[in-house]
Every structure is written in structure tokens, then in C-alpha cells.
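Report on the following structure.
The values are calculated or read from the model by the stated rules, or taken from the named source; none is laboratory data. This is a predicted model, so every value here is computed, not measured. Heads up, the Cβs are rebuilt from the backbone with ideal geometry, glycines too, and the neighbour counts pull from every protein chain shown.
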Amino acid sequence: MGRWKPDARGRLGKAALELYAERGFDQTTVAEIARRAGLTERTFFRHYADKREVLFGGAAVLEERMAAAAAGAPASAGPLDAVAAALDAAGEMLQEGREIALLRQPVIVAHPELREREMAKLASLVEALARTLRGRGVPDPEAPLAAEAGVGVFKVAFERWILDPDSPALPEILRDCLSALRSVASDARTPAS
């Protein structure tokens, strides 16, 4: 193994994402990930429950930061303004890890089981935001509607950010998408018959 190097978790995550991109998720073993990182399988399992967790390990932190930002919005903020605070927190957190997101997303898209897990993580995010909004006094159905809308904005903005290498920073895309949602929601035109 050689001399101890710091950031075992980060090295394992980087090695896993590289191998998933090179060989595919199903063809990559924990032993190969550990070897590429210069660590042991035992060390891998100290940091990750399984090889899927490399892709989803940050979801809980993202959920916590978004919920905390929504909870910390000014008391006068309406439901969408609290969601906007959550989206700002998400944008700042994820912008720093764009390189990881660019490696991660194609792996998830290519694997049905991983797409399903991604949807479950997003559903958990909706629940956390709705719970936070209820804690701010937002009643139903407004709390879950605002939470669903916010996660919808997140999904659309994230996809734009990943697919377009020349896109602006994620926080800016999130604000633009939220503004578009507000515009759609306030559209009072009569539907075409």
C-alpha cells in the first residue's frame, strides 16, 4: 500500500467514477476501485456501504443543506422564496463539484437501477422540503406543491448544466429556471380552445 495518503474517501470516489466511465458500473468491482485508489477493500467499506453509494453518498448532505436553507429563509418569505433559498444552497454546493457531476450523471443515466435510486433520492428531497415548509407554517397542499415545483426546477436546471459545457454556473441556471416557473405559474392567459 505504501505511505499513507489523505482523503481516502475522495480517492475512492474518484477511482470509482473513473472505472465506471471506463468499464461500466456493472463491470467494476469494489476490489478494482480500492486498488486504483491505492487502498484496501476494507477501507472502501469503511467509507461506502456498496459501490452504488459512491454515486449517491452526497444526497443526504444536499438534502440537509437545502432544507436548512429553506428553514433559514426570512419569516416573510413565501413558499417559493423559501424554495429559492434551498435552490441557491444546492447550486453553490454542486457548482464546486461539476467535474464529479459530469462523471456521475452518464453512469446513472445508463443504468436503470441507478436511475430508480436517483428518483428515490429526489422523492426524499421533495419530502424534506415539504416538511420544512410545513414547519414554516405553509399548509397543504401548498407545501408539497412548492416542494415538488422546486425539485422540478432543480432537475431541469441540473440537466441543462450537465448537458451544455458552455452553460452558465448552476446557481444562475437555477435562478433562471425558477423565474421561468414563476412566469408559467402567473400566466393568466385564457387557454386556447
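Overview of values
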item: Scan of segment 91-120 for residues that are farther than 14 Å from L163 by Cβ and of a type in the set (D, E, K, R), ordered by number; result: E92, E96, E99, E113, R115, E116, R117, E118
item: Breaking point among (1) touching a helix residue (DSSP H, G or I) at 6+ places or on another chain (Cβ under 7 Å); (2) surrounded by 17 or more Cβ atoms within 10 Å (Cβ to Cβ); (3) closer than 18 Å to G24 by Cβ, for H111; result: (1)
item: So I100, is it farther than 25 Å from V151 by Cβ, buried (at least 16 other Cβ atoms within 10 Å of the Cβ) and β-branched (V, I, T); result: no
item: Residues that are within 22 Å of the chain's Cα centre (by Cα), assigned to a helix (DSSP H, G or I) and over 13 Å from A15 (Cβ atoms), drawn from segment 41-54; result: E53
item: The lone exception for A70 - which of (1) in contact with a Gly (Cβ under 8 Å, 6 or more places away or on another chain); (2) in contact (Cβ under 8 Å) with a residue 60 or more places away in the chain it fails; result: (1)
item: Segment 31-40 - residue that is not hydrophobic (A, V, I, L, M, F, W, C) and not in a helix (DSSP H, G or I) and, of those, surrounded by the most Cβ atoms within 10 Å (Cβ to Cβ); result: G38
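For (1) among the hydroxyl-bearing types (S, T, Y); (2) at pLDDT 95 or above; (3) in contact with a helix residue (DSSP H, G or I) (Cβ under 7 Å, 6 or more places away or on another chain), each residue gets a yes or a no:
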| position | (1), (2), (3) |
| --- | --- |
| F44 | no, yes, yes |
| G57 | no, no, no |
| M66 | no, yes, yes |
| A70 | no, yes, yes |
| M119 | no, yes, no |
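The rows are residues; the columns are (1) closer than 19 Å to L174 by Cα; (2) assigned to a helix (DSSP H, G or I); (3) assigned by TED's automatic domain parsing to the domain that holds L12.
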position: L62; (1), (2), (3): yes, yes, no
position: A67; (1), (2), (3): yes, yes, no
position: A75; (1), (2), (3): no, no, no
position: V83; (1), (2), (3): yes, yes, no
position: A86; (1), (2), (3): yes, yes, no
position: I100; (1), (2), (3): yes, yes, no
position: R115; (1), (2), (3): no, yes, no
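So that you can scan it fast, the table gives a plain yes or no per residue for (1) buried (at least 16 other Cβ atoms within 10 Å of the Cβ); (2) in contact with a helix residue (DSSP H, G or I) (Cβ under 6 Å, 6 or more places away or on another chain); (3) assigned to a helix (DSSP H, G or I); (4) polar (S, T, N, Q):
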site: L94; (1), (2), (3), (4): yes, yes, yes, no
site: L125; (1), (2), (3), (4): yes, yes, yes, no
site: L129; (1), (2), (3), (4): yes, yes, yes, no
site: T132; (1), (2), (3), (4): yes, yes, yes, yes
site: A143; (1), (2), (3), (4): yes, yes, yes, no
site: V151; (1), (2), (3), (4): yes, yes, yes, no
site: A157; (1), (2), (3), (4): yes, yes, yes, no
site: E172; (1), (2), (3), (4): no, no, yes, no
site: R175; (1), (2), (3), (4): yes, no, yes, no
